[in-house]
1. Could you please find all residues in region 44-79 being under 14 Å from GLU8 (Cα atoms) and not aliphatic (A, V, I, L, M)?
2. Consider ALA41 against the criteria (1) of a type outside the set (S, T, N, Q); (2) out of contact with any strand residue (DSSP E or B) (no Cβ under 9 Å at 6 or more places or on another chain); (3) touching a residue at least 24 places away in the same chain (Cβ under 8 Å): it satisfies all of them except one. Which criterion is unmet?
3. How many residues are in a loop (DSSP other than H, G, I, E, B) and out of contact with any helix residue (DSSP H, G or I) (no Cβ under 8 Å at 6 or more places or on another chain) when one looks only at region 37-57?
4. Within region 22-36, is even one residue over 18 Å from LEU63 (Cα atoms), free of Cβ contacts under 8 Å to residues at least 12 places away in the same chain and in a helix (DSSP H, G or I)?
5. Here are the criteria: (1) surrounded by fewer than 13 Cβ atoms within 10 Å (Cβ to Cβ); (2) modelled with pLDDT under 95; (3) among the hydrophobic types (A, V, I, L, M, F, W, C). Tell me which single one LEU24 does not satisfy.
Amino acid sequence: MRGKGPLECHRTILVARHLAALGLHIEHIHADGRLESQTAALSRLARTLKLPEEDMFHSREELLDEVYGRQEARIAHDLSHADAVQAGSVAG
């Protein structure tokens, strides 16, 4: 089974978010060995979600909260679906 990319990984969305808030520089390692900073990953995620990276009415922090929030919801949905499938296969 192939690993998930940084944008689908809970470590990027949950753990790295808090480490970055502490001022640490975060680098994600892709399957091909390429490195991507947390900042670059979030910019890519914002584009993927079709959310602005800059907005005259919202701070950068507010925009990042929206990016994080939407991806958290997507990942939580995927995890709950995977758990349900796994539970069904174990019970069945």
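The values are calculated or read from the model by the stated rules, or taken from the named source; none is laboratory data. A quick note: this is a predicted structure, and the numbers were derived from the prediction, not measured. Note: ideal-geometry Cβ built from the backbone for every residue, glycine included; neighbour counts use all protein chains shown.
1. ARG44, THR48, TYR68, GLY69, ARG70, GLN71, GLU72, ARG74, HIS77, ASP78
2. Of the numbered conditions (1) of a type outside the set (S, T, N, Q); (2) out of contact with any strand residue (DSSP E or B) (no Cβ under 9 Å at 6 or more places or on another chain); (3) touching a residue at least 24 places away in the same chain (Cβ under 8 Å), the odd one out for ALA41 is (2).
3. 3
4. no
5. Unmet condition: (2).
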